[in-house]
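Read the structure below first, then the notes.
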Amino acid sequence: SVARLRDPLTNKITDDPEEITRIFSDHYGKKTTDPDNLQDEPSFSFPDILNDLMQQFNVELTDIFPSFPLQTSDDLFSTDEIKKILKDTKNKVASGPSHISKHSLLFLIKYIPNLFTSYINLLINK
């Protein structure tokens with residue numbers, strides 16, 4: 001526990017637990033972001049070099065990444081159900097044998113929800 005801390009705004013030392021909490025919250029709030037509240041959507045575009053290589057070797061993305069059907073009525077979980085489960089999971093939960101963090105899974109469900117949901121259901125059905 002921190003007994004005293006210098007407030008960077010006032011440059012005064014405080015021993016008030018609420019002020020110390022506010023100082024830490026402000027400091028770390030500037031250094032971290034919540035994956036659920038990202039302001040800028042990432043842009044996913046292929047560099048020219050990748051397109052050039054694909055043309056040179058006469059390869060399509062579907063050759064490298066074969067498609068599989070997205071969500072079907074046989075799926076056990078919907079995207080909304082998976083989102084709710086992930087959001088309700090504690091932040092400090094152990095990642096398990098996969099070593100994949102909760103924040104990584106939240107990132108995937110946010111940016112590729114249908115693919116991620118299909119993958120989860122595919123794993124469960126195998």
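On the given criteria, is F68 at pLDDT below 80, exposed (fewer than 10 other Cβ atoms within 10 Å of the Cβ) and not hydroxyl-bearing (S, T, Y)?
Numbers: at pLDDT below 80: yes; exposed (fewer than 10 other Cβ atoms within 10 Å of the Cβ): yes; not hydroxyl-bearing (S, T, Y): yes.
Answer is yes for this residue.
Kindly list, by first and then second residue, each pair from a residue in region 77-104 that is within 17 Å of L122 (Cβ to Cβ) to a residue that is open to solvent by 90 Å² or more (accessible area, probe 1.4 Å) and modelled with pLDDT of 85 or more, limited to pairs with Cβ atoms under 9 Å and residues at least 6 apart or on different chains. Between residues of region 77-104 that are within 17 Å of L122 (Cβ to Cβ) and residues that are open to solvent by 90 Å² or more (accessible area, probe 1.4 Å) and modelled with pLDDT of 85 or more, the close pairs are F77/I85.
Look at (1) closer than 30 Å to V2 by Cα; (2) at pLDDT below 85; (3) open to solvent by 60 Å² or more (accessible area, probe 1.4 Å) and you find that N51 fails only one, number (1). Close contacts from region 108-126, counting a first residue that is closer than 12 Å to D80 by Cα and a second that is outside any helix (DSSP H, G or I), with Cβ to Cβ under 9 Å and a gap of 6+ residues or different chains, come to K110/L38; N114/L70; N114/Q71; T117/L70; T117/Q71; T117/D75; T117/F77; T117/S78.
Looking at region 9-37, which of the residues that are in a loop (DSSP other than H, G, I, E, B) and modelled with pLDDT of 85 or more is surrounded by the most Cβ atoms within 10 Å (Cβ to Cβ)? Spell out the reasoning first.
Pass one, region 9-37, residues in a loop (DSSP other than H, G, I, E, B): 9-12, 15-16, 32-34.
With modelled with pLDDT of 85 or more added as a condition, the list becomes 9-12, 15-16.
On the way: L9: 9, T10: 9, N11: 7, K12: 9, D15: 10, D16: 12.
Filtering first and then ranking leaves D16.
Residue count for region 73-113 under the criterion of being open to solvent by 80 Å² or more (accessible area, probe 1.4 Å) and in a helix (DSSP H, G or I): the result is 9.
The values are calculated or read from the model by the stated rules, or taken from the named source; none is laboratory data. Just so it is clear, the structure is predicted and the values come from calculations on it, not from any experiment. Please note: Cβ atoms are built from the backbone with ideal geometry, for glycine as well, and neighbour counts cover all protein chains shown. What goes into the accessible areas is simple: the full protein's heavy atoms, side chains included, and nothing from ligands, DNA or RNA. Shrake-Rupley method; radii C 1.70, N 1.55, O 1.52, S 1.80 Å.
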